[in-house]
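In what follows, a structure is listed as structure tokens, so that the remarks can point back to it.
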Amino acid sequence: MHILTATSAHAEQIATLHAVSWASTYGSVLSADYLREVAPAERQTLWQQRFANPKANQRVLVAENDGHVAGFACCYVAEHPAWGHYLDNLHVAATHQGQGLGQGLLCSAARLCEQASPGLGMYLLVNQANSRAQRFYLSLGAQNEQASVWHAPDGSVVPTFVFRWPSAAALAALALP
């Protein structure tokens, strides 16, 4: 498995994994019709746009094996003046979970952000219903900073938490050997 910078050639696989991950994880917070009927095409459009017109601070990584995307991370360098770098997406295929891939992608994203804009923290929103993700981030040193909400694309208002690492450099140092 190799972690590398994603290109537009990865867009379709990233979008598919994104939609599948949402369907398996967010069934209790997003509508079933949205997840089944809308999200797959919507994620395809989103990722085509992200690669066609990336924000200057956007970084996307994939974990790839023989041309197959097993996971991805998307972050935005120095996105917030107080919180630092923003981890917008981290998804790993169910068949590859529990193998350190999520940690590898997260730490690699933190390293990219630290290289681009040193000395900042890193943060993300975690759905309050996603206790598995919360345990994962807490085990890697994140702190639950505050409650928030996600205005989801299906129109739902989903309770979230802002999880943060005070130092992206310290998070990057947790990379598996």
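The values are calculated or read from the model by the stated rules, or taken from the named source; none is laboratory data. These numbers were taken from a predicted model, which means no experiment stands behind them. Note that each Cβ is placed from the backbone with ideal geometry, even for glycine, and that neighbours are counted across all protein chains shown. Just so you know, the surface numbers come from the protein's heavy atoms only, side chains and all, with ligands and any DNA or RNA stripped out. Shrake-Rupley method; radii C 1.70, N 1.55, O 1.52, S 1.80 Å.
Just a few scattered comments:
- Share of pairwise Cα separations in region 31-118, more than 14 Å, in percent: 69 percent
- When the Cα gyration tensor is reduced to axis lengths a ≥ b ≥ c, the ratio a/c is 1.5 or higher for region 91-177, and with a/b not above b/c it is classed as oblate.
- Additional length obtainable on full extension of the chain from residue 33 to residue 55, 0.36 nm per residue less Cα span: 4.9 nm
- Note on the chain: GNM, Cα springs under 10 Å; of 132, 36, 111, the largest mean-square fluctuation is that of 132.
- Counting only DSSP H runs of at least 4 residues, each contributing -39500 (n - 2.57), and dividing by the residue count of the chain, the helix-based mean residue ellipticity at 222 nm comes to -10500 deg cm²/dmol.
- Relative contact order %, the chain, counting alpha carbon pairs below 8 Å whose residues are six or more apart: 20 percent
- The packing ranking, built from the mean of other Cβ atoms within 10 Å per residue, places the peptides 37-45, 12-20 in the order 12-20, 37-45, highest first.
- Between residue 88 and 74, 75, 76, the built amide H atoms are under 5 Å apart, and every one of these is 5 or more places off in sequence or on another chain.
- On the chain, 53 percent of the accessible area sits on carbon and sulfur atoms, based on a 1.4 Å probe.
- Largest GNM mean-square fluctuation among 152, 94, 133, using the chain with Cα springs under 10 Å: 152.
- Largest-first ordering by accessible area, 1.4 Å probe, given options 7, 95: 95, 7
- Per-residue SASA entry for residue 154, accessible area with 1.4 Å probe, Å² rounded to 10: 40 Å²
- Accessible area per residue for the chain is 48 Å², calculated with a 1.4 Å probe on protein heavy atoms, without ligands, DNA or RNA.
- Label sites at residue 7 and residue 99, each approximated as a point 7 angstrom past Cα along Cα to Cβ, lie 2.3 nm apart.
- Judged by the gyration tensor of its Cα atoms, with axes a ≥ b ≥ c, the chain is rounded; a/c sits under the 1.5 cut.
- Computed FRET value (nearest 0.05) for residue 146 with residue 174, which takes r as the C-beta separation and R₀ as 41 Å: 0.95
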